[in-house]
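Colleague: Please read through the structure below; I'll follow up with questions.
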Amino acid sequence: MTVMESIPATTATDICASAPPAHPRPDGQDRYTISEVVAFTGLTAHTLRWYERIGLMPHVDRSHTGQRRFTNRDLDWLTFVGKLRLTGMPVADMVRYAELVREGEHTFEERQELLEATRRDVRARIAELQGTLAVLDYKIDFYAGARRAPERPCA
């Protein structure tokens, strides 16, 4: 996925491991209403407004009537925020990351540190889940073996 790492159009992109999501419209024709973004992302309108209010969402353009108009860059950012949410990153850290992005390239080191700390947390949770999975596998194997064992006659 290509995620725009800052608000200005002149910034570099981060290239993540997965392919970029298909945008419903090509760049230049990408003006989405909040209801279209809701349908595309699965987020609620309330969540999108909240993201904007707390500073997690960059400035969203408005139409002449005041309606929000999202772009493909906004959709990419929301995809990235969704990945951060899946990591368990606290909202305050996500907002801090968004602030750093808006501040520009001189914050790369701080952004990297924030993401590295999150990666450490994710790896620790993965290790914990692998241990949990091993216990589940053991119990499942135990019960499967118990069903295969012949019954003992009562003596």
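The values are calculated or read from the model by the stated rules, or taken from the named source; none is laboratory data. From a predicted model like this one, the values you see are computed outputs, not experimental measurements. Please note: Cβ atoms are built from the backbone with ideal geometry, for glycine as well, and neighbour counts cover all protein chains shown. Keep in mind that these areas ignore ligands, DNA and RNA; they rest on the heavy atoms of the full protein, side chains included. Shrake-Rupley method; radii C 1.70, N 1.55, O 1.52, S 1.80 Å.
Colleague: Which residue pairs have Cβ atoms under 8 Å apart, sit 6 or more places apart or on different chains, and have a first residue in segment 28-57 that is under 20 Å from D93 (Cα atoms) and a second that is assigned to a loop (DSSP other than H, G, I, E, B) and modelled with pLDDT under 95?
Modeller: L48/M57; Y51/M57; E52/V60
Colleague: Report whether or not F80 is within 10 Å of the chain's Cα centre (by Cα) and not acidic (D, E).
Modeller: yes
Colleague: For segment 21-40, give me each residue that is open to solvent by 50 Å² or more (accessible area, probe 1.4 Å) and modelled with pLDDT of 90 or more.
Modeller: Across segment 21-40, the qualifying residues are R31, S35, E36, A39, F40.
The rows are residues; the columns are (1) on the phi > 0 side of the Ramachandran plot; (2) out of contact with any Leu (no Cβ under 9 Å at 6 or more places or on another chain); (3) touching a residue at least 60 places away in the same chain (Cβ under 8 Å); (4) basic (K, R).
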position: R62; (1), (2), (3), (4): no, yes, no, yes
position: T65; (1), (2), (3), (4): no, yes, no, no
position: R85; (1), (2), (3), (4): no, yes, no, yes
position: L100; (1), (2), (3), (4): no, no, no, no
position: E116; (1), (2), (3), (4): no, yes, no, no
position: A124; (1), (2), (3), (4): no, yes, no, no
position: A127; (1), (2), (3), (4): no, yes, no, no
position: Q130; (1), (2), (3), (4): no, yes, no, no
